[in-house]
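Only one structure is covered here, and it is reproduced in the block below.
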């Protein structure tokens, strides 16, 4: 077995594709990725749909069909296109879902980023999208914001699969892990079959290093007397943060509380490594894959990162290795005033804003296409 992606799957880590486009499903590429490259899931977000639908004319035929059926509002038109893509991807991933007993084979669809700070609206939107897609191997993406956390608990409590997105900090992760547990307990207490409910916690990686490294570089350039210590942390904080999150996950599945749920058939909320494309050209293009390999986790990769790992990735059990060193890195960043906690909190705010801006651009592009088509057919 020479394909590193297949070896990665053998190591117990699921490979999901962080990309969505109708051509993947219609051209047979998704089926090839599943068969040849061990891909077992897909994730989407507003930025991905902006690029897929807003650029080029690949969706124009579907858009015209929606207009011909009487759909007019840009949001409704977008949903018609996005839901069809999600359904098609879910159907092609269904054999994986069947083969793994529901452990894998998921496709994720995000609630509107406009609702990230509203618990009630997030819950209602998630319920609506869950029904509209109508596939058991769907995960609804809900941001791990303060208002998003109780929404996660309520959705899991109804038996709706949830992919918690925009997680950067350990505190936020622990809160959504608790929400998942409490949701499962509620579902079980009300007679639900917890073996049918699944979730992941999407822990973002490279964006942390981008911000921390920027702070380091600015201080080194300014002649900071601690420059040597600062430079030694470059490219290490995000990975250390993720490794400690995994240790918290290990702690959680060792508790009596979790074991009671596992005894009823529940599957744990797996950690999913997101934002794993390397941003800094000074680093390996597979840095955020090779350093975070461990069982019962997921890595969702952009196409470029997936292809790079297939070409030259090295598989080793790295996630649970050098944990003491990871702890030392987190202690050092705090001592040196890099403020990881502040950085991760700001990244959540920035992430919500970025997705909302992508959504604005997407809806604007859909509106422009609609107006052009209606002008042509008038």
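The values are calculated or read from the model by the stated rules, or taken from the named source; none is laboratory data. This is a predicted model, so every value here is computed, not measured. Methodologically, a virtual Cβ is constructed for each residue, glycine included, from the backbone with ideal geometry; neighbour enumeration extends over all protein chains shown.
Numerical summary
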quantity	calculated
Subset of the range 93-108 [over 17 Å from residue 9 (Cα atoms) and either assigned to a loop (DSSP other than H, G, I, E, B) or touching a strand residue (DSSP E or B) at 6+ places or on another chain (Cβ under 6 Å) (or both)]	107, 108
Search result, residues across the range 124-167 that are touching a helix residue (DSSP H, G or I) at 6+ places or on another chain (Cβ under 6 Å) and free of Cβ contacts under 8 Å to residues at least 24 places away in the same chain	125
All helices (runs of 4 or more DSSP H) inside the range 277-364 with 1 or more residues being in contact with a strand residue (DSSP E or B) (Cβ under 6 Å, 6 or more places away or on another chain) and surrounded by 15 or more Cβ atoms within 10 Å (Cβ to Cβ)	287-290
Matching helices (runs of 4 or more DSSP H) fully within the range 1-91 where at least 3 residues are within 20 Å of the chain's Cα centre (by Cα), over 27 Å from residue 361 (Cα atoms) and in contact (Cβ under 8 Å) with a residue 12 or more places away in the chain	4-10, 29-37
Residue pairs meeting the criteria (Cβ under 7 Å; at least 6 apart or on separate chains; first more than 19 Å from residue 289 (Cβ to Cβ), in the range 224-242; second modelled with pLDDT of 95 or more and not in a helix (DSSP H, G or I))	226/336; 229/336; 230/224; 230/336
Flag for residue 372 being free of Cβ contacts under 8 Å to residues at least 40 places away in the same chain, in a helix (DSSP H, G or I) and either out of contact with any strand residue (DSSP E or B) (no Cβ under 9 Å at 6 or more places or on another chain) or over 30 Å from residue 75 (Cα atoms) (or both)	yes
Per-region count, the range 163-213, residues under 17 Å from residue 275 (Cβ atoms) and in contact with a strand residue (DSSP E or B) (Cβ under 7 Å, 6 or more places away or on another chain)	14
